[in-house]
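Here the structure is laid out as structure tokens; the discussion comes afterwards.
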Amino acid sequence: MAGILKALGRKSSDDVKAKVSLPALIASLRADPSPSNLEKLCEGVDVLLSPPSPSPSELETLQNLLLERPTAAAGSPAGEPGPSKGDGEEERSPLEMCVGGMPQLEFEKKKSTCATLLNVLSPPPPLPTSFYTLLTTIQNSNAPSCLPLGNLLRHTLSHPPNASTYLESPTFLTVSIMELPLSPNFDVLSDAFSTLKVSFTSPTSSPYLETNYTPFFTSFTHLLTSSNYVTRRFSLQLLSSVLLSRSNFNVMMRYISSLPSLKQIMNLLRDPHPNIQYESFHVFKVFVVNPRKTKEVEEVLRLNKVKLVKFLEGRWKDREGEGNFKGERELVRKTLEEL
């Protein structure tokens, strides 16, 4: 913004805003998608968002300009796309061009650009699948240099329809589940799990999980069996949160009726790390206290109850002051003994 303000000199805010042509800045970026033109576009957006704040209708107009895709090239019939370059970049909205150009920017410029986009998308409008596909692809191929995109992504997911679009996007399972949370970089995987947590606290996540139960949990198994301690721990915490959400009752019942799922959690109870054991317990307890166990699940629990009861006795004493843990451990132990 400083560059535009300097060029315009000392004028009133309204005068400065009147000098900013967002369509012209967008046209320049389309003609030359360089870092300097991307920065100029964001500077222009910052000016238009500066006090006095735009009215709701003005903000909507601003958002629509950033989300608009080119519909026809010169000489093309109206409504028909222009000649394709083969990479799809010429069909991106200005917002997507900003995201796509992020790897070219210095880290501080990435942060300021994401802050500008977050501000102009407040509140978040409905965003297309292409936005989420592009953003997660950029995250994955440029991690950890594009970490600032994580805050922008999570902000847009606060609009429930966007969370649904994100979950249904083609890169959700392949990148957001199978790649980013398995990163050897702690900051990258931590950011990935922060996004997953936001995604699965959305009211739209329950229909997604019910419809996509098998592909989701097949992919999620790779996180639970990862050699990375942090990935295993975070995935168990997320799994517990998902299963214990009231809106996910049907998903929980399907999961705790599965013998392979029980066996996987029982194996995690034997993990050499006490924290992994502890997080596993919070999933294991749901299998045990379920009054409608399947025969195969109950049989496995019954056959292993002596070892399990012995394992649980006095386990994780340092955690006994946390919530209802002590009572839950006792309930699980007694339920196993009565099988």
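Across the range 199-215, the qualifying residues are those that are surrounded by 18 or more Cβ atoms within 10 Å (Cβ to Cβ) and of a type outside the set (Ser, Thr, Tyr), and the one among them that is farthest from GLU168 (Cα to Cα) is PHE200. Cβ separations smaller than 8 Å between residues 6+ apart or across chains give the following pairs from the range 119-135 residues that are in contact (Cβ under 8 Å) with a residue 12 or more places away in the chain to residues that are of a type in the set (Asp, Glu): ASN119/ASP46; PRO125/GLU60; THR129/GLU168; SER130/GLU96; PHE131/GLU96; LEU134/GLU96. There is at least one residue in the range 148-163 that is farther than 21 Å from THR204 by Cα and modelled with pLDDT of 95 or more.
Contact annotation: residue pairs with Cβ atoms under 8 Å, 6 or more positions apart or on different chains, pairing a residue in the range 190-213 that is of a type in the set (D, E, K, R) with a partner that is in a loop (DSSP other than H, G, I, E, B), are ASP191/LEU147. Scanning the range 123-176 for residues that are in contact with an Asp or Glu (Cβ under 8 Å, 6 or more places away or on another chain), surrounded by fewer than 17 Cβ atoms within 10 Å (Cβ to Cβ) and more than 18 Å from ARG92 (Cβ to Cβ) gives a single hit, PRO144. Working only within the range 292-315, note down all residues that are under 20 Å from ARG329 (Cβ atoms) and either of a type in the set (Lys, Arg) or surrounded by fewer than 13 Cβ atoms within 10 Å (Cβ to Cβ) (or both). Correct list: LYS293, ARG302, LYS305, VAL306, LYS307, LYS310, GLU313, GLY314, ARG315. Per the listing LEU67, LEU95, the residue uniquely touching a Ser or Thr at 6+ places or on another chain (Cβ under 9 Å) and at pLDDT 95 or above is LEU67. Looking at this structure, is SER183 closer than 15 Å to ALA143 by Cα, surrounded by 15 or more Cβ atoms within 10 Å (Cβ to Cβ) and either in contact (Cβ under 8 Å) with a residue 60 or more places away in the chain or of a type outside the set (Phe, Trp, Tyr) (or both)? Answer is yes for this residue.
The values are calculated or read from the model by the stated rules, or taken from the named source; none is laboratory data. Treat the numbers as computed from the prediction; the structure is a model and nothing was measured. Because the Cβ atoms are built from the backbone with ideal geometry, glycine has one as well, and the counts that use them run over all protein chains shown.
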